[in-house]
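Data block below; observations after.
We did not get these values from a lab; they are worked out from the coordinates using the rules stated. Since the model is a prediction, treat every value here as computed from it, not as a measurement. Note that each Cβ is placed from the backbone with ideal geometry, even for glycine, and that neighbours are counted across all protein chains shown.
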Amino acid sequence: MSVTCVFGMQWGDEGKGRIVDLIAAESDVVVRYQGGANAGHTVIVGDQKYVLHLLPSGAIRPGVLNVIGNGVVVDPWTLLDEVEELKRRDIDLSGRLLVSDRAHVIFPYHKLMDRALEALRGDASIGTTSRGIGPAYADKYTRDGLRVADLLRAEELRPTLLRNLTSRNEILRKAGLEPIDPQQTLDDALAVGRRLEPYIADTVTKLNELWRAGKRILLEGAQGFALDVDQGSYPYVTSSSCGVNGVGPGTGLPPKAVQRVLGIVKAYTTRVGAGPFPTEDVGPAGEHMGVRGKEVGATTGRKRRCGWFDAVVARHAVRTQGVDATALMKLDILSGLDRLKVCTAYEIDGRRIDVPPASAAHWRMCRPVYESLPGWREDLSGIRRFDDLPKEARAYVRFVEAQMGVPVETISVGAERARFIDLRPAAARA
Ligand code: IMP
C-alpha cells in the first residue's frame with residue numbers, strides 16, 4: 001500500500017520507532033506529522049542504538065526521504081543537534097530531510113513556560129517532558145506562534161517575539177524563573193534559521209506530488225493515542241492528535257490518501273508522567289516489566305509506570321482510527337510471570353463500561369475488570385515463527401487480538417532489528 005500510517009495505541013513508548021524502521025525499508029518517504037522533541041523513537045541496528053526525537057525514523061535508512069510535516073512543533077536547535085549527531089555517526093541527511101515551512105517553532109521560552117505552567121499546576125501537574133510542546137501548540141491556536149518560514153525574516157520575527165516575550169516574561173517571573181532577553185532570542189532565532197534554511201521546504205506541495213506519483217509514504221505518529229488531546233485521558237495528555245486523525249492537519253495530504261493504518265501496542269502497558277492508569281501494577285509484576293523491559297523514558301530518563309494490557313484503551317484506538325492491523329511489541333518481556341492479566345472492561349461504581357470515560361474524575365474511579373491467563377517461562381527472543389511460541393504465549397496473543405478486534409500481524413520478541421515474528425500471509429510479505 002503506498003500510504004501507511006503507524007501510530008501508538010497506548011500512552012506512548014510502544015516501540016513505534018522499531019516498526020517504522022522495519023517498514024521504512026520498503027518506503028520512499030517517512031513523515032512525522034505531530035508532536036515534537038517530546039518523542040523518543042529508539043532503533044537498534046547491530047550494536048548501534050539510535051534515539052530520534054524530532055527526526056523521522058527513516059533517517060537511518062539510506063535513500064529514504066524524511067519529512068517533518070507542518071503539524072510538528074519544531075525545536076530547531078534540537079533538530080540540528082540530531083542531524084549533527086547522525087553525521088558524526090556517518091549518516092548524512094543532506095538532500096534527505098525536509099522541514100515544513102509551515103511547522104511552528106519551539107523557542108527556549110516555550111520550554112521555560114512549560115516548566116512554569118507545570119509549577120503553577122502544583123499537585124495537578126501533568127508531568128510533561130518540559131520540551132515546550134503545550135505552550136508552542138497553545139501559541140499556534142491563539143495565533144501568537146511563529147513558523148519555520150518566519151525564521152528567515154527578521155521583520156516577521158521581531159514584533160511577534162517582542163510581543164510574546166513581554167507577556168511570557170511576566171508569567172516566568174511569577175513562577176520564580178528568570179525572564180528572557182528579547183534581543184538575544186531574536187539573534188539566536190535568526191542564526192538558527194540560517195542553519196536550518198537548506199532543509200526548509202513547502203512539504204505540503206511536495207508530499208502531495210509524491211503521493212500522486214505513487215511513492216510509498218510512511219506516516220509516523222508520535223506519543224500514543226491515550227495521550228491524544230481529544231481522545232486521550234484529558235487533561236493528562238499531550239497537545240496534539242496522535243492517531244491517524246493528525247495526518248490531514250499535520251501533513252496537508254488529503255485524509256483519504258491513507259490506505260493502511262497500523263496500530264502499535266506493547267504486550268503490557270506503560271505510562272510516563274501523571275494521570276490515570278487503571279491497570280498499573282506497583283507490585284512484583286510491574287517491577288518485572290519495568291526492569292526486564294528497561295522501561296525508562298528515552299527523552300526524559302524518567303522511570304515508566306508499568307501495568308497490564310488494557311484492551312479498553314487499545315479498542316478505543318482501533319475503533320476511532322480505523323486500525324487495519326496491529327504490531328504487538330515486547331512479548332518476550334512477559335516471560336517468567338506465572339499469570340498474566342488482561343483488562344477487558346472498566347467498572348465505575350459497579351457499572352461496566354468498555355470505552356474510556358471523558359472526565360478525569362471518572363478515570364480515577366475506573367476499576368479494571370481482568371481476565372487472567374497462564375504465563376510461560378521460555379525465552380522468546382530466538383523465536384521467528386508463531387507456531388514455535390509456547391502455547392501459553394500463543395493463547396495470550398490470540399486473546400489480546402480478539403479483545404482488540406483486529407489482527408496482530410507482527411510480534412516483537414527483542415529489541416534488535418531482526419527479532420520479530422511476521423504473521424502476515426506470505427503473499428503480503430513480498
Ligand atoms: P508533553 O507532550 O511534554 O506536553 O507531555 C504531556 C504528557 O505526555 C506527559 O505525561 C508526558 O510524559 C507524555 N508524553 C509526551 N511525549 C511522550 C512520549 O513520546 N512517550 C510517552 N509519553 C509521552
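A few points about this structure:
- Lysine pairs within the range 207-362, Cα separation less than 14 Å, 8 or more sequence positions apart or different chains: 5
- The Cα trace of the chain gives Rg and Dmax of 21.5, 66 Å, the first to one decimal, the second as a whole number.
- Value of relative contact order over the chain, rounded to a whole percent, pairs C-alpha under 8 Å and six or more apart: 19
- The label-point distance for N208 and K294, in a model that sets each label 7 Å from Cα toward Cβ, rounds to 4.3 nm.
- Three principal axis extents describe the C-alpha atoms of the range 339-430; from largest down they are 47, 31, 22 Å.
- Measuring spread by the Cα atoms of the range 167-225 yields a radius of gyration and Dmax of 19.4, 54 Å.
- Per the Debye calculation on the range 109-162 with a single equal scatterer at every Cα and no solvent contribution, log₁₀ I(q)/I(0) for q = 0.23, 0.27 Å⁻¹ amounts to -0.88, -1.04.
- Model label zone, E26; criterion: amide N under 19 Å from point 7 Å along Cα-to-beta-carbon; scope the range 202-245: 211, 214-221
- For the range 1-117, the spread of Cα positions along each principal axis, largest first, Å: 42, 33, 30
- The chain: angle of helix 133-142 to the longest principal axis, Cα-based, in degrees nearest 10: 60
- Note on W77, W11, W308: ascending count of other Cβ atoms within 10 Å places them as W77, W308, W11, the fewest first.
- Unit Cα scatterers, Debye sum, the range 50-137: log10 I(q)/I(0) for q = 0.12, 0.18, 0.20, 0.21 Å⁻¹: -0.43, -0.81, -0.92, -0.97
- Once the gyration tensor of the Cα atoms in the range 104-198 is diagonalised, the equivalent ellipsoid follows with semi-axes of 24, 14, 11 Å, ordered largest first.
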